[in-house]
Amino acid sequence: MTTALALPISLLDGCPFLDDGFVDRRLLAAVAAVRHVEGEHAGLASGIIEAEAEAWLAPARAFMLRGTRQIPAQPLAPQRLRMIKDVLSELAAVVPAWRLLLELPIRYALLDTANGAISASSRAWPQHILLADEAFSNPAELREQVLHELTHQWLYLVQEVWALQSPGAGTFTLPSGTTGREPAEVLGAALVAATLLRLYRASPGQQPAERLGRLSVYGAGCLALLADRDEELTDAGRQIARRLKEAL
């Protein structure tokens, strides 16, 4: 159960991956504080004082607060971990403003039961990114999948401090046909589209113009779904939706 702080989301100065002024350290401090309170309530904070709350930003400790579901993952081979490190360095070179976002502590693992998925992450596995064998087929694929899932991870962090959807909100079918997605997940899909657009606009020629067009249409389609049921977003969720509309 998230322990929200009484803070306006405007303190973040924008959205992760979209705004260079986004105050990532402020968000991490707020998340650490929230997790520390949750850990104390759950009797899991033994040995951690409030001044050491940043210890909750470790993936293993974060998962301990949510660890009700087994992660369908296996360890990655060292070579693949090096490939991920190289991809993160490349992304930081293309968009230097992302450097701290890319340094978020993450446990990368092999997606054990892919079922057609190339990558996966979940709020139930904070700061864990799972990559299927197919994600390592070439550097461009790995770069996109890593950035895709990191975008979700940062929005999950936002959700630990600010609710983005109203209680009892319904579900949506994404423009891709994926069903059963909550409003915050629709925002996440739009944020991924906007983040990938920024990457490809910063590195012209990596993707055909048609791909950029599809990403823009997909993101706009996600926002159109939410616009029809605006009441299912909180004020914080609507602020993010407005920023996404500008980016797409």
So, relative contact order of the range 137-243 in percent, Cα under 8 Å, 6 or more apart, is 33 percent
Counting only protein heavy atoms and a 1.4 Å probe, tell me what percentage of the chain's accessible area is made up of carbon and sulfur. 53 percent
So how much slack lies between residue 92 and residue 229, counting 0.36 nm per residue of separation and subtracting their Cα-Cα distance, in nm? 45.7 nm
Pick out, in residue order, every one of the trypsin sites (Lys or Arg not before Pro) in the range 58-150 that is DSSP loop and has at most 15 other C-beta atoms within 10 Å; say none if there are none. 69
Return the sequence-ordered ³J(HN,Hα) values of the range 167-182 in whole Hz as given by the Karplus equation 6.51 cos²θ - 1.76 cosθ + 1.60 applied to θ = phi - 60°, using x for Gly and Pro. x, x, 4, x, 10, 10, 9, 5, x, 6, x, 5, 9, x, 9, 6
What FRET efficiency do you get for residue 246 and residue 214 if R0 is 22 Å and r is their Cβ-Cβ distance, rounded to the nearest 0.05? 0.70
22 Å tail of the calculated P(r), the range 70-178, as % of Cα pairs: 35 percent
Computed label-point distance, nm, for sites residue 50 and residue 79 using a 7 Å Cα→Cβ extension: 5.1 nm
Distance (nanometres) between label positions extended 7 Å along Cα→Cβ at residue 29 and residue 137: 4.4 nm
What nm value, rounded to one decimal, do you get for the distance between residue 117 and residue 99 when each label is placed 7 Å out toward the C-beta? 3.3 nm
Gap in Å between the Cα centre of the range 34-70 and the Cα centre of the range 194-220? 37 Å
Just to confirm, what accessible area per residue do you get for the range 31-180 at 1.4 Å probe, in whole Å²? 47 Å²
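The values are calculated or read from the model by the stated rules, or taken from the named source; none is laboratory data. Note that the structure is a prediction, hence the values are computed from the model and not measured. Cβ coordinates were reconstructed from backbone atoms using ideal geometry, including for glycine residues, and neighbour counts include every protein chain displayed. With ligands, DNA and RNA removed, areas are computed over all heavy atoms of the protein, side chains included. Shrake-Rupley method; radii C 1.70, N 1.55, O 1.52, S 1.80 Å.
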